[in-house]
Amino acid sequence: MRETERLIRELESDPDTECVLADVPMGEFCSFKAGGRADCLFVPRGEAGLLRALKRIRESGLPYFMMGAGTNLLVRDGGFRGVIVKPGEGLRAVRAAGARVTALCGAPLCAVAAAAAAASLSGLEFAHGIPGSVGGAVYMTAGAYGGDIGGVIETARVFPRDGGAVVSPGRAEMDFSYRSSLFRSAGGIVLEARFALEPGDGAEIRARMSAFARRRAEKQPLGLPSAGSFFKRPAGGFAGKLIEEAGLSGLACGGARISPLHAGFIVNEGGATVAEIIDLAEIARSVVFDRFGVTLHPEVCIIGDA
């Protein structure tokens, strides 16, 4: 803990620090509204402060995790013994130029889609309504309705896992696959991404975005805390459909429940612990495997101590 305290003092003294907190309940920063406490939550104001802090954290030897918007993250009830880094206001800029939209890692994905639409650029309509950040979306190849980040990204700026100089890989080097990428498998922090889009009709682009939003509102339990679809889509099927056919819709474990509206969602009905959420997910995995021989894999990132 002494090293954590020293690090917190150093981060507090950096002029590019927006916020640094000790012993933080991560449920306040994650869409599930559940989670253990992190020893330290650090919010840098801009890229310079982020890179300085990452260098210092690496030197300290403390574990760290770079989160995005917290919409696909669970911190186990035992907490995270180290530093969780969350992008601050200065890391949320979005700009459009020509047929490209460039966004920093903390930019909300919906804001990037809106900027593209405002510039009459097509290709990011699928991202409208995905409640995540650019960095997290690239990390896990976020997608919906037939589109995904890997299909539109052109290049990125990345702080590598080994702490070396910032690099700029192209799309082919980022090894995108369904809900995974080079960054999820091998590390590295996405600082900025540039998307190559197609000129289109602004009204038609906005109409497609509105249609996607209506579909989400009709079919997903958006009024309750969750992390969206808990499981990745298995080959040749859908996790929610298998869970529903296994008779598990509405099943509860403490404050966690498999949504009756969309069985691919686990929701927090109030006061759920992360252990309850994970236990419910494990029940779904076990029953689906027993019934159908299909192994479900979590899409949600789960970190920390049990």
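The values are calculated or read from the model by the stated rules, or taken from the named source; none is laboratory data. Since this is a predicted model, take the numbers as computed values, not measurements. Neighbour counts are summed over all protein chains in view; Cβ atoms, including those assigned to glycine, are modelled from backbone coordinates with ideal geometry.
When each of Glu28, Glu18 is tested for being surrounded by fewer than 19 Cβ atoms within 10 Å (Cβ to Cβ), touching a helix residue (DSSP H, G or I) at 6+ places or on another chain (Cβ under 8 Å) and not assigned by TED's automatic domain parsing to the domain that holds Ala116, the lone residue that passes is Glu18. Considering only residues of the stretch 191-233 that are in contact with a Gly (Cβ under 7 Å, 6 or more places away or on another chain), assigned to a strand (DSSP E or B) and outside the structural domain of Ala127 (by TED's automatic domain parsing), which is nearest to Arg100 (Cα to Cα)? Result: Ser229.
Here Glu173 clears all of (1) touching a residue at least 40 places away in the same chain (Cβ under 8 Å); (2) under 30 Å from Arg157 (Cα atoms); (3) not in a loop (DSSP other than H, G, I, E, B) except the condition numbered (1). When Pro199 is tested against (1) closer than 27 Å to Arg233 by Cα; (2) more than 19 Å from the chain's Cα centre (by Cα), exactly one condition is not met: (1). When the stretch 110-159 is filtered for residues that are of a type in the set (Val, Ile, Thr) and on the phi < 0 side of the Ramachandran plot, the ones remaining, listed by number, are Val112, Ile130, Val134, Val138, Ile149, Val152, Ile153, Thr155, Val158. Annotation: Ser286 fulfils all but one of (1) among the small types (Gly, Ala, Ser); (2) touching an Asp or Glu at 6+ places or on another chain (Cβ under 6 Å); (3) part of a helix (DSSP H, G or I); the unmet one is (2). The set of residues in the stretch 152-170 that are surrounded by fewer than 16 Cβ atoms within 10 Å (Cβ to Cβ) and either among the hydroxyl-bearing types (Ser, Thr, Tyr) or within 20 Å of Ala116 (Cα to Cα) (or both) comprises Glu154, Ser168.
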